[in-house]
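Engineer: Here it is: the structure, laid out below.
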Amino acid sequence: MGLSKNQKLTVEIVDLNHLGFGVAKVDGMAVFVAGLVKGDVAQIVLIKVNASFAIGKCLSLVKSSPLRVEGRCTVAGCTACAYRGIGYETECEIKRQSVVSAFRKAGLPDVKIGELLHGERTCGYRNKAQYPVMKDKNGKIVIGFYAPKSHFVKEAAACPLSPAVFTEILEDLRAFFEAYGTSVYDEKTGKGLLRHIYLRRGEVSHEILLTLVINGEKLPDAEALVALLTGKYPEIVGILLNVNRENTNVILGEKYLPVYGRDHIVDTLCGVELELSAPAFYQVNHDTAEILYRKARELAAPSGNDCLLDLFCGVGSIGLSMADAVGELIGVEIVPEAVECAERNAHRAGIVNARFFAGDATDTERLLAPAEHALGRKITPDTVVLDPPRKGCDEKLLDYVARLSPKKIVYVSCNPETLARDVAHLAQNGYLPGEVTPVDMFPGTGHVESVVLMSRA
């Protein structure tokens, strides 16, 4: 007969995916149910049925899984964290196994996956958070995160993954915008002003940068807002407006307008002081980033005469953490503001052997042209560091890196599937992978970082 919408079933959850959905199997079809964990037995109702899968909603828990724990998250109704319903040890093992599985699927079952590394904190670790804003049916402002596979905002201003000061600032912003009648963006109509609230904080410096993403170029009552926030939070060193008038899923637009103070914060990572602008990439978990970068340095084993090429370098954090041990550091990044930050960061740290250049990693014909023109010579790196976004590297870039013929490639990844795919491709180009080290940068969520050394055969 098959499954149908509104059908009620009693199911056993046999798996838990990285989005936090419990997975049941009914007549060979996968049924995904938010809020359930492996081992739960529950009564559900099907709310969506496709040809290859179905989505259910839990009506009642018939039998609780031995893996289930309560109290990891105190925000009722939020489903943004995949693993809020299980213990942290179980979460770590699931994440490590996800890396094992990715390499098996990529045809690399013999690659060794090491133990997962992680920091001490599972809460309060986020130094950056971007909160969508909407109004509910009663006209109240909701600040939180999107429910999985939707654009419905679940209230989560008190998210325990963020520092307590973020919650305090968000509640003051909510009260201010409600008191002053600030309009909130509506995706359906394209009208309304406030779209997102973006907070960035230095773990060491405690400096905070607030960016309000708006559907316009002016914030009414900005002076009153500045007076309120800076009077209460002296650690706020800058307030910006980001202009995003597009009908898009992209959070940030390209234009920033100053409202108060600086357009950046300063923080220290691996002993290097870094300037961080709003659009610049920076690992969201400071303490675990230091663990990851120390592991990357261990794998790179830099020596005094080496040329280190850091692709997707962002504000220079990985490369600068190794600069003291190499002869030359060259960083390449597509975001111009990040390149400028990286240059200032090198200067701030007194690092004289580092240069940073703008370049698009998808345009291999011109990727190193600005650097080679400035230096007046060809670049022949001994080590290449790759730290791409979730989509990984395209084959053209991997082939290009292989043609550069570095002795070592250190690959830092936030996506096990694309890492395994790219490692397989580099292996075809003569680079053999060592042990992969998973790192839990994002406790509670379904994300896992990994780092691996690939050496020329």
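The values are calculated or read from the model by the stated rules, or taken from the named source; none is laboratory data. Quantities reported herein were computed from a predicted structural model and do not represent experimental measurements. Every residue, glycine as well, gets a Cβ built from its backbone with ideal geometry; the counts of neighbours run over all protein chains shown. Ligands, DNA and RNA are excluded from the accessible area calculation, which covers all protein heavy atoms including side chains. Shrake-Rupley method; radii C 1.70, N 1.55, O 1.52, S 1.80 Å.
Engineer: Suppose we filter the stretch 75-93 for residues that are surrounded by 11 or more Cβ atoms within 10 Å (Cβ to Cβ) and part of a loop (DSSP other than H, G, I, E, B); how many remain?
Structural biologist: 10
Engineer: Determine whether the stretch 256-276 contains at least one residue that is over 26 Å from Tyr293 (Cβ atoms), in contact with a helix residue (DSSP H, G or I) (Cβ under 6 Å, 6 or more places away or on another chain) and of a type outside the set (Val, Ile, Thr).
Structural biologist: As a first pass, look at the stretch 256-276 and keep what is over 26 Å from Tyr293 (Cβ atoms): 256-261.
Checking the rest, the ones that are also in contact with a helix residue (DSSP H, G or I) (Cβ under 6 Å, 6 or more places away or on another chain) come to 259-260.
Going one step further and asking which of them are of a type outside the set (Val, Ile, Thr), we end up with 260.
Yes, there is a match, as at least one residue in the stretch 256-276 is over 26 Å from Tyr293 (Cβ atoms), in contact with a helix residue (DSSP H, G or I) (Cβ under 6 Å, 6 or more places away or on another chain) and of a type outside the set (Val, Ile, Thr).
Engineer: Where the second residue is assigned to a strand (DSSP E or B) and the first is on the phi > 0 side of the Ramachandran plot and lies in the stretch 5-18, which pairs have Cβ atoms under 9 Å and are six or more apart or on separate chains?
Structural biologist: Pairs that qualify, where the first residue is on the phi > 0 side of the Ramachandran plot and the partner is assigned to a strand (DSSP E or B), are Asn6/Val45; Asn6/Leu46; Asn6/Ile47.
Engineer: Further, regarding this structure: Quick check on Leu257: is it open to solvent by 20 Å² or more (accessible area, probe 1.4 Å), assigned to a loop (DSSP other than H, G, I, E, B) and hydrophobic (A, V, I, L, M, F, W, C)? Spell out how you get there, then give the answer.
Structural biologist: Values: open to solvent by 20 Å² or more (accessible area, probe 1.4 Å): yes; assigned to a loop (DSSP other than H, G, I, E, B): no; hydrophobic (A, V, I, L, M, F, W, C): yes.
Considered against the rule, which asks whether it is open to solvent by 20 Å² or more (accessible area, probe 1.4 Å), assigned to a loop (DSSP other than H, G, I, E, B) and hydrophobic (A, V, I, L, M, F, W, C), Leu257 comes out as no.
Engineer: Check the stretch 53-67 and report whether any residue there is open to solvent by less than 20 Å² (accessible area, probe 1.4 Å), within 27 Å of Arg421 (Cα to Cα) and in a strand (DSSP E or B).
Structural biologist: Filtering the stretch 53-67 down to residues open to solvent by less than 20 Å² (accessible area, probe 1.4 Å) leaves 54, 56, 65.
Still in the running and within 27 Å of Arg421 (Cα to Cα): none.
Among the residues of the stretch 53-67, not one is open to solvent by less than 20 Å² (accessible area, probe 1.4 Å), within 27 Å of Arg421 (Cα to Cα) and in a strand (DSSP E or B), which makes the answer no.
Engineer: Pull out all pairs, ordered by first then second residue, where Cβ-Cβ is under 8 Å, the residues are six or more apart or on different chains, the first lies in the stretch 385-409 and is closer than 16 Å to Ala420 by Cβ, and the second is open to solvent by 40 Å² or more (accessible area, probe 1.4 Å) and in a helix (DSSP H, G or I).
Structural biologist: That search, which allows pairs on different chains as well, returns Gly392/Arg421.
Engineer: I've got another one for you. Can you name every one of the helices (runs of 4 or more DSSP H) wholly within the stretch 265-378 that holds 3 or more residues which are open to solvent by 10 Å² or more (accessible area, probe 1.4 Å), more than 27 Å from Ala129 (Cβ to Cβ) and modelled with pLDDT of 95 or more?
Structural biologist: Values: elements: 286-300, 317-322, 336-348, 369-375.
It comes to 286-300.
Engineer: Restricting the search to the stretch 130-150, which residues are open to solvent by 30 Å² or more (accessible area, probe 1.4 Å) and either touching a strand residue (DSSP E or B) at 6+ places or on another chain (Cβ under 8 Å) or on the phi > 0 side of the Ramachandran plot (or both)? Break it down stepwise before answering.
Structural biologist: Here is the first cut: in the stretch 130-150, the residues open to solvent by 30 Å² or more (accessible area, probe 1.4 Å) are 130, 134-140, 145-146, 148-150.
Within the stretch 130-150, Gln130, Met134, Lys135, Asp136, Gly139, Phe145, Tyr146, Pro148, Lys149 meet the criteria.
Engineer: If you scan the stretch 229-249, which residues turn out to be modelled with pLDDT of 95 or more and either open to solvent by 70 Å² or more (accessible area, probe 1.4 Å) or small (Gly, Ala, Ser) (or both)?
Structural biologist: So the first thing to find is which residues in the stretch 229-249 are modelled with pLDDT of 95 or more, and the list is 229-245.
Gly231, Lys232, Pro234, Gly238, Arg245, listed by residue number.
Engineer: Based on what the data block shows, is Leu386 at pLDDT 95 or above, closer than 19 Å to Pro336 by Cα, open to solvent by less than 20 Å² (accessible area, probe 1.4 Å) and under 27 Å from the mean Cα position of the chain (by Cα)? I'd like the intermediate steps shown before the answer.
Structural biologist: On the way: at pLDDT 95 or above: yes; closer than 19 Å to Pro336 by Cα: yes; open to solvent by less than 20 Å² (accessible area, probe 1.4 Å): yes; under 27 Å from the mean Cα position of the chain (by Cα): yes.
Judged against the criteria, Leu386 is a match.
Engineer: If you don't mind, there's one more thing I want to ask. Any residue in the stretch 348-365 that's more than 25 Å from Gly271 (Cα to Cα): show its pairings with residues that are in a loop (DSSP other than H, G, I, E, B) at Cβ separation under 6 Å, as long as the two are six or more apart or on different chains.
Structural biologist: Gly359/Leu367; Asp360/Ile334
Engineer: Something else about it: Anything in the stretch 94-129 that is surrounded by 20 or more Cβ atoms within 10 Å (Cβ to Cβ) and assigned to a loop (DSSP other than H, G, I, E, B)? List them, or say none.
Structural biologist: Residues satisfying the conditions are Ala106, Val111, Leu116, Tyr125, Asn127.
Engineer: Name the single residue that is surrounded by the most Cβ atoms within 10 Å (Cβ to Cβ) among those in the stretch 193-227 being without any contact (Cβ under 8 Å) to a residue 40 or more places away in the chain and in contact with a Phe, Trp or Tyr (Cβ under 6 Å, 6 or more places away or on another chain).
Structural biologist: Per the criteria, the residue is Asn215.
Engineer: Collect the residues in the stretch 130-160 that are touching a Cys at 6+ places or on another chain (Cβ under 8 Å) and either free of Cβ contacts under 8 Å to residues at least 12 places away in the same chain or part of a strand (DSSP E or B) (or both), keeping them in residue-number order. Before you say what the answer is, go through the steps one by one.
Structural biologist: Of all residues in the stretch 130-160, those touching a Cys at 6+ places or on another chain (Cβ under 8 Å) come to 144-145, 154-156, 159-160.
Within the stretch 130-160, Gly144, Phe145, Lys154, Glu155 meet the criteria.
Engineer: Now for a different question. Going through the stretch 31-46 one residue at a time, which ones are part of a strand (DSSP E or B), without any contact (Cβ under 8 Å) to a residue 40 or more places away in the chain and crowded, with 17+ Cβ neighbours inside 10 Å? So that I can check it myself, show each step before the final result.
Structural biologist: Start the filter on the stretch 31-46 by keeping residues that are part of a strand (DSSP E or B), which leaves 31-34, 41-46.
Right, trim to without any contact (Cβ under 8 Å) to a residue 40 or more places away in the chain and you get 31-33, 41-45.
Val31, Phe32, Val33, Ala42, Ile44, listed by residue number.
Engineer: Go through (1) under 20 Å from Tyr233 (Cα atoms); (2) touching a residue at least 40 places away in the same chain (Cβ under 8 Å); (3) open to solvent by less than 20 Å² (accessible area, probe 1.4 Å) one by one and return the number of the condition Pro163 breaks.
Structural biologist: Here Pro163 clears every test but (2).
Engineer: Quick check on this structure: which one of Leu419, Leu426 is outside any loop (DSSP other than H, G, I, E, B), without any contact (Cβ under 8 Å) to a residue 60 or more places away in the chain, touching a helix residue (DSSP H, G or I) at 6+ places or on another chain (Cβ under 8 Å) and open to solvent by less than 10 Å² (accessible area, probe 1.4 Å)?
Structural biologist: Values: Leu419 fails: without any contact (Cβ under 8 Å) to a residue 60 or more places away in the chain.
Just a single option satisfies the conditions, and that option is Leu426.
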